[in-house]
1. What's the whole-number percent of alpha carbon pairs in region A:191-246 lying beyond 14 angstrom?
2. Between the helical axis of A:81-97 and the dominant principal axis of chain A, each derived from Cα atoms, what acute angle in degrees is found, rounded to the nearest 10?
3. What accessible area per residue, rounded to a whole number of Å², is obtained for chain B using a probe radius of 1.4 Å?
4. Using a 1.4 Å probe on the protein heavy atoms, what percent of the accessible area of region A:320-375 belongs to carbon and sulfur?
5. What is the sum of charges, Lys and Arg at +1 and Asp and Glu at -1, for the other residues whose Cβ falls under 14 Å from the Cβ of A:ALA141?
6. What does the accessible area of A:HIS135 come to, in Å² to the nearest 10, when a probe of 1.4 Å is used?
7. Once the Cα atoms of helix A:317-326 and of chain A are each reduced to a long axis, what angle between those two axes, in degrees from 0 to 90 to the nearest 10, is obtained?
8. So what's the angle, to the nearest 10 degrees on a 0 to 90 scale, between helix A:10-21 and the longest Cα principal axis of chain A?
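The values are calculated or read from the model by the stated rules, or taken from the named source; none is laboratory data. Every value quoted in this text rests on a predicted model; they were computed, and no experiment measured them. Ideal geometry is used to build each Cβ from the backbone, glycine not excepted, and the neighbour counts take in all protein chains shown. Heavy atoms of the whole protein, side chains included, go into the accessibility calculation; ligands, DNA and RNA do not. Shrake-Rupley method; radii C 1.70, N 1.55, O 1.52, S 1.80 Å.
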Amino acid sequence: MKTEKVLLQGNEAVVEGALLAGVRFFAGYPITPSSEIAEGFSRRLPLVGGKFIQMEDELGAMAATIGGSLAGLKSITATSGPGFSLKQENLGFGIMIEAPCVVVNVSRTGPSTGLPTSPSQGDIMQTRWGTHGDHPAVVLAPSTVSNTVDLTIKAFNFSEMLRTPVILMLDEVVGHMRENVLLPAADAIEIIDRKRPDGNKANFKPYEVKGHDHVPPMPDYGQGYHYHTTGLYHDETGFPRGKSEDAEKLMLRLMHKVDYYRDEITLVEKKYLSDAKIAVLAYGSVARSAESAVEMARNNGIKVGFMQIKTVWPFPEKEVAELAQKVDKIIVPELNYGQYVREVTRAAGGMAEVIPLNRFAGQLISPATIKEMIEEED
Amino acid sequence: MDRYEIRLSGAGGQGAILAGIILADAITKADKFNVAQTQSYGPEARGGASKAEVIVSEKVIAYPKVTKADFLLALTDSALKKYLPDLKKTGSLLIDEEVFIQDKDLLPKEVIKIPIFKIARDQVGKIITANMVALGAMTALFDFIDKGEIEKVIAKRVPTDTVELNLEAFSAGYRFIVE
């Protein structure tokens with residue numbers, strides 16, 4: 001067990017967390033501010049018998065990541081906004097065929113090539129709705145380096161448990177920041193592996209569900225199970241029939257499996273809320289500014305609390321509704337023109353006034369800016 | 001030490017960020033304080049503005065960036081002009097002796113001028129080691145970090161064939177303050 005703290009970058013923390021979770025395949029195309037993730041895997045994966053491949057572009061990288069998953073390996077890819085856009089079609093394919101994998105988006109200021117070395121949370125809705133069609137989304141957003149190690153492990157666990165791609169959304173601040181951290185010992189962390197079928201190969205149906213959780217067991221390619229994958233709506237055999245009843249059944253199952261595990265995958269931190277009249281709700285790097293601002297304001301006697309959303313999707317409906325019942329006002333600082341705040345407003349359902357605080361020019365919101373708004377609203 | 005905010009600034013390619021990383025790594029190894037190191041730089045590999053920030057604290061560090069710096073290293077005229085307003089009046093400023101001070105009113109209590117580039121060029125023989133000269137001077141000025149810790153990290157973090165050169169530059173900067 002390691003007991004010595006190490007100086008680790010957020011992007012390096014993704015590599016360390018993934019290795020602890022058992023990752024064995026990375027396919028990617030480097031892009032600022034995510035490139036250290038590709039660099040890290042290129043050095044580390046060969047040492048544990050894993051494979052690293054730099055693909056021709058992000059489309060290929062997403063496809064290869066899904067391929068690695070079908071072959072039975074825990075697989076990951078990493079990118080930033082422009083590359084994340086390119087991954088969307090194959091991401092939808094991964095959701096449709098239920099290939100567990102982790103997609104990291106270290107977001108920078110967009111649209112287009114934007115400000116390559118500056119942070120943004122402008123991709124928050126893209127992580128939810130980037131690929132076309134109805135689909136579930138599971139997205140985690142860390143705020144510290146040690147948090148990034150933990151949430152990378154959880155991203156793999158959730159993806160294996162749910163048999164679906166999970167998105168890990170860092171931003172440039174978290175990805176490039178270095179902090180002193182204590183890495184968890186390998187024997188101290190919980191690892192979840194995908195359910196695999198029980199060995200009856202003759203009558204195998206790849207999308208037949210046996211448990212209550214709506215998640216079918218998944219064989220590795222090459223184990224002898226006949227197994228067809230398609231982006232078309234398919235039945236339990238995996239083959240398309242072009243029928244509405246298959247479409248309805250599959251869509252419901254894709255949604256219900258995430259609903260089934262909702263409580264388990266919803267990660268929210270609360271602080272100073274017991275006497276709070278105002279709450280600051282934030283995610284990613286901005287959560288750190290928000291926490292500082294809340295502490296500064298409390299030192300001045302203002303009754304203000306803090307909620308950090310770590311699982312940004314599925315949206316923590318219940319938790320935000322409870323918060324709205326408790327406080328009069330919710331301030332939502334974000335590094336974008338105002339995206340997540342609309343979901344917060346919807347979930348608050350008029351029970352609390354929801355106030356946006358937006359910065360979109362590539363700089364982290366300072367605690368002073370948030371504190372000023374807390375004082376104005378007090 | 002509650003919260004000490006350090007900013008290292010210069011032009012891209014001068015190595016302010018590497019110096020910041022080495023400082024943060026040495027603080028990590030000493031394991032007395034928490035540390036958060038961030039940076040900002042342009043997309044170009046050389047030129048443009050570049051800065052590293054290192055926050056040192058006994059407590060958990062929530063906001064990881066400088067709000068009002070306790071210590072500023074400025075290697076260029078434009079870095080000084082840009083970051084001097086965010087330096088505490090009670091803070092310390094370390095600059096090369098040739099850096100032009102435009103806003104004298106903004107200068108803090110402690111101003112340390114040393115021939116960073118001259119030492120790197122004439123004494124060490126490579127101007128590119130200016131960042132290590134500055135880091136040596138900073139190490140001599142800071143009471144929370146040990147010279148030996150920084151040297152160990154330099155040896156680990158710079159390219160193998162430049163370790164000696166970087167250590168020489170570091171020592172030269174350190175000696176200039178101590179002597």
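1. Details: 872 of 1540 pairs.
Of all Cα-Cα pairs in region A:191-246, 57 percent lie more than 14 Å apart.
2. The two axes meet at around 50 degrees.
3. Details: 7920 Å² over 179 residues.
That works out to 44 Å² per residue.
4. On the way: 1190 of 2520 Å².
Accessible surface attributable to carbon and sulfur in region A:320-375 totals 47 percent.
5. Numbers: positive: A:ARG128, A:LYS154, A:ARG288, A:LYS310; negative: A:ASP123, A:ASP150, A:ASP171, A:GLU172, A:GLU269, A:GLU334, A:GLU343.
Around A:ALA141, the charge tally is -3.
6. 10 Å²
7. Computed tilt is about 20 degrees.
8. The two axes meet at around 40 degrees.
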